[in-house]
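These notes are about the structure you will find just below.
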Amino acid sequence: MRTTWIDYCKALGIILVVFGHVFRGLEKSGLVTNKALFLLTDSMIYSFHMPLFFFLSGLLFFKSRKSDMALIASKVDTIVYPYLLWSLLQGGVEHLLAGYVNQQSNSHSFIFKLLVSPENQFWFLYALFFCFLTALFLFRIFGKRYFFGIVFLSIIAYLTYQYLPNIFLIGILSRFFVFFFVGYVFSSYFFDKKEFFAFISQTKTLALLLGTALFCQYYYHCILEYTFINNNVASLSLSLLMILLVVSLCTWLSNRVESKILISLGASSMAIFLMHVFATAGSRIFLKNVLNIYSYPVHLLIGTSVGIIFPLFMIKIFDKLDLRFYMHAPVSKWLFKIN
């Protein structure tokens, strides 16, 4: 059974993902004329939108847990498989269109990077799979009774990110595992608490969180002059505050309106994540090279819209053609005969 406010969170998050990638693509193409606005907007979005998805994954980790092997098998099917499939598809297209796209693909190092240092948006799936494995390992070693100690260790890892070995997996886990595990803790303590959701979905609570978040974003970026790449107490606090704001906003909305559009976007967020770059890059190339449109606000509007609509359209096509394995497949059963 789907939870409406979680679908709303995913919908908001995936819209920000697409918008952020479109904006970054325009900046790499030299179409952005206001660099200060780009840097501020980019840092504000990246300060919380990917932590939000790790939080939501940790939130659902508690609900989805069965046996360790069953969970690993399910993540091979729903994370590793689409990671490999769509990395190869997108990497192949980038290699063929090397003269038109921003991201250049080197066929000699592509497979190596696929295994140890993923590029493009697919780093999230790579990191998410290892977040699940890390959580399982820590539970196996310490048990659930010590998960506050695990939260503490994950915070220390986040704060000492720059001092850890310069290895992609270590770096990405140190930066994002804390949000995954906070999601797990949130699920354990608050997910079924009606009083908590009644409080957080109040208009006055939402207004207070919104005002606080806006002030903190201003103070963090304009006074402290930090960006999203800083790993410190301020950045961690800002990310968690923004996640709480999104939860408050989405529970507030879900109590007042049932938006089929947001529910559809949330339910389709993985497909949009996997396919949107094809549409956004194609939109930018067409607008710039064919229509000679260089206005970056126009590119932002059209690119973001196409990046969301195109994957939804492709889902309909795939379903109509009965192409079942474009997003997940029972590879664990094929390989390991796991039921």
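Shown here is the pair-distance distribution of the chain: with all Cα-Cα distances grouped in 20 Å bins from zero up to the longest one, the shares run 27, 62, 10, 0 percent. When only Cα pairs below 8 angstrom with a gap of at least 6 residues are kept, the chain shows a relative contact order of 35 percent. Annotation for the stretch 260-333: chymotrypsin sites (Phe, Trp or Tyr not before Pro) lying in DSSP loop with at most 13 further Cβ atoms inside 10 Å of their Cβ are Phe325. With respect to the cross-link table entries Lys10/Lys260; Lys113/Lys316; Lys10/Lys333, which display a Cα-Cα separation exceeding 25 Å? Lys113/Lys316; Lys10/Lys333, as the Cα separations exceed 25 Å there. Couplings for the stretch 262-268, taken from phi via the Karplus curve 6.51 cos²θ - 1.76 cosθ + 1.60 with θ = phi - 60°, read 5, 4, 5, 5, x, 5, 9 Hz in order; Gly and Pro are left as x.
Amide H contacts of Phe325: none lie under 5 Å away among residues 5 or more positions distant or on a separate chain (H built 1.01 Å from N in the peptide plane; Pro and chain starts excluded). If you sort the three axes of the alpha carbon gyration tensor as a ≥ b ≥ c, you get a/c under 1.5 for the stretch 133-290, which makes it rounded. Neighbours of Leu40, meaning other residues whose beta-carbon lies under 15 angstrom from its beta-carbon, give a summed charge of -1 when Lys and Arg score +1 and Asp and Glu score -1. Qualifying trypsin sites (Lys or Arg not before Pro) in the stretch 248-299, where qualification requires a DSSP coil assignment and no more than 13 other C-beta atoms within 10 Å, comprise Arg256. A convex hull fitted to the Cα coordinates of the stretch 219-339 yields 235 cubic angstrom per residue. Over every pair of different alpha-carbon atoms in the stretch 129-187, take the mean of 1/r and invert it; report that Kirkwood radius in Å. 11.6 Å is the Kirkwood radius here. Take the chain with all the other protein chains still there, run a 1.4 Å probe, and you get 52 Å² of accessible area per residue. Using a probe of 1.4 Å, the accessible surface attributed to Lys204 totals some 150 Å² when neighbouring protein chains are kept in position.
Rolling a 1.4 Å probe over the protein heavy atoms of the chain, with every protein chain left in place, gives an accessible area that is 68 percent carbon and sulfur.
Sorting Asp319, Asp7, Asp68 by accessible area (1.4 Å probe), largest first, what list results?
From most accessible down to least: Asp319, Asp68, Asp7.
The values are calculated or read from the model by the stated rules, or taken from the named source; none is laboratory data. The model shown is predicted, which means the values in this text are computed figures rather than measured ones. When we count neighbours, we look across all protein chains shown, and the Cβ atoms used for this are built from the backbone with ideal geometry, even at glycine. Calculation scope for accessible area: heavy atoms of the full protein, side chains included, ligands and nucleic acids excluded. Shrake-Rupley method; radii C 1.70, N 1.55, O 1.52, S 1.80 Å.
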